[in-house]
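We did not get these values from a lab; they are worked out from the coordinates using the rules stated. Bear in mind that the values here come from a model prediction, so they are computed numbers and not experimental data. Using ideal geometry, Cβ is built from the backbone for each residue, glycine included, and neighbour counts are taken over all protein chains shown.
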Amino acid sequence: MRIGIVGYQGDVSEHADILASMKKQYKRDVEVVLIRSREALMSVAGLIIPGGESTTIFRLLKEYNLFDAVAERVKAGMPIMGTCAGLILISRDNPAERVRSLNLIDARIRRNAYGRQGESFIENIEIDGIGRFSAVFIRAPVIESVGKSVTVMAKHNGLPVMIRDNNVLGLTFHPELTGDARIHDYFIDMIGRRGYISTPEREWYVADLL
Ligand code: GLN
């Protein structure tokens with residue numbers, strides 16, 4: 001299956017590496033596509049918005065006319081995983097923040113809630129259905145509240161850190177940095193065979209870029 005990673009800024013190659021490693025480790029038939037255009041977006045069965053700087057990723061999604069296109073595809077059922085800055089972008093739009101969000105999951109987010117870069121940390125958390133996971137929090141947002149439709153899959157210090165609503169998965173931490181592919185494996189299960197469209201665009205294949 002083809003999985004897209006919004007490929008402007010942030011932990012793009014880290015997500016690509018861990019997905020590529022799953023071919024061997026998990027016998028997953030995964031092709032990674034960097035998404036920087038509408039055409040590329042239409043060719044994938046699932047999408048990851050990586051961590052990075054949400055204000056920058058937001059600006060580039062707008063500039064390349066992907067902002068509304070991503071929302072449309074996810075509302076039509078395409079699975080999406082947003083990690084850290086990516087979670088900020090998929091959450092409920094919060095007028096108190098500089099970033100406009102896509103309103104794909106009913107969660108209210110506060111950016112940079114733990115403080116500056118130096119306040120970043122690694123902590124073991126317990127994830128429903130996955131188990132113990134070493135979670136890397138880098139200038140992470142906090143999920144302040146979630147709506148009824150949202151399932152909290154993991155908490156840290158009483159606050160949700162991993163949430164899901166149907167085809168939308170959000171994490172305040174970085175699952176791509178520890179070499180542990182279980183969260184990506186879970187996301188691939190969410191994709192299943194749904195929405196599989198095959199329109200090869202070779203120039204976007206990460207395999208060609210690495
Ligand atoms: N603080 C960043 C933001 O607000 C998110 C940090 C990250 O993705 N590691 O966009």
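Round to the nearest 0.05 the FRET efficiency obtained for Lys24 and Met190 when R0 = 22 Å and r is the Cβ-Cβ distance.
0.55
Spin-label model, Glu53/Val152: points 7 Å from Cα along the beta carbon direction are separated by 3.2 nm. Close amide H partners of Arg28, meaning residues 5 or more places away or on another chain with modelled amide H under 5 Å apart, are Lys23. With q set to 0.08, 0.16 Å⁻¹, the log10 of I(q)/I(0) for the chain, from the Debye formula over equal scatterers at the Cα positions, is -0.23, -1.02.
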